[in-house]
1. Report ³J(HN,Hα) in whole Hz for each residue of segment 60-68, in order, from the Karplus equation J = 6.51 cos²θ - 1.76 cosθ + 1.60 where θ = phi - 60°; Gly and Pro get x.
2. How big is D, in µm² s⁻¹, for segment 1-54 by Stokes-Einstein at 25 °C and 0.890 mPa s if Rh is the Kirkwood radius over C-alpha pairs?
3. Could you check which residue among Ser58, Ser77, Ser36 shows the biggest mean-square fluctuation in a GNM of the chain with a 10 Å Cα cutoff?
4. Can you compute the helix-only [θ] at 222 nm over the chain? Use -39500 (n - 2.57) per DSSP H run of at least 4 residues, normalise by all residues, nearest 500 deg cm²/dmol.
5. How many Å² of accessible area per residue for the chain, probe 1.4 Å?
6. Using a/c under 1.5 as the rounded threshold, could you call segment 36-88 rounded, prolate or oblate? The axes a ≥ b ≥ c are square roots of the C-alpha gyration tensor eigenvalues, and prolate needs a/b larger than b/c, oblate otherwise.
7. What translational D, rounded to a whole number of µm²/s, comes out for the chain from Stokes-Einstein when the hydrodynamic radius is the Kirkwood one over Cα pairs, at 4 °C and 1.567 mPa s?
8. Using a 1.4 Å probe on the protein chains only, how many percent of the accessible area of the chain belongs to carbon and sulfur?
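The values are calculated or read from the model by the stated rules, or taken from the named source; none is laboratory data. Predicted model, so just to flag it, every value in this text is computed and none were measured. Surface areas here come from the heavy atoms of the whole protein model, side chains and all, with no ligands, DNA or RNA. Shrake-Rupley method; radii C 1.70, N 1.55, O 1.52, S 1.80 Å.
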Amino acid sequence: METKLKSLNTIALFIPIFIGLLGFMAEGLFILAALSTMVTGLIQVVLGILYWIKFPKSISIKIYFLIVIIFFLLLFSKIADNWIWFLPPILCLYLSILVYSLKENHEK
């Protein structure tokens, strides 16, 4: 399962990068690349759920979901419109580090 998590995360990360590179051939794709970051976020939340199912006692994944919940609460409550946008890249990096640091024989 660890290999599947790593593969899914790699796909999620490369979707906006690939579309962004295509934007050099057709400028309209730059907007699509920016919008595709939402797909990356969705894939990473699903990936986080799969990680949590595999390692339910992991404190690291619980921290990830706590920060995801905080992000959405701040976003929807409009408490912090301008400065919360640093959280998605940090969440992406944090989950990627969790996933890529998995060992094939990682214990629960």
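1. Each residue of segment 60-68 in turn: 4, 6, 5, 5, 4, 5, 4, 5, 4 Hz.
2. Taking Rh from Cα pairs, D becomes 210 µm²/s.
3. Fluctuation is largest for Ser77.
4. Numbers: 4 runs with 81 residues, N = 108.
Helix contribution divided over all residues of the chain: -26000 deg cm²/dmol.
5. Working: 7240 Å² over 108 residues.
It amounts to 67 Å² per residue over the chain.
6. Values: a/c = 2.96, a/b = 1.65, b/c = 1.80.
Oblate is the answer for segment 36-88, as a/c is 1.5 or above yet b/c matches or exceeds a/b.
7. Working: Rh = 15.0 Å.
Rounded to a whole number, D works out at 87 µm²/s.
8. Details: 5540 of 7240 Å².
C and S fraction of accessible area: 77 percent.
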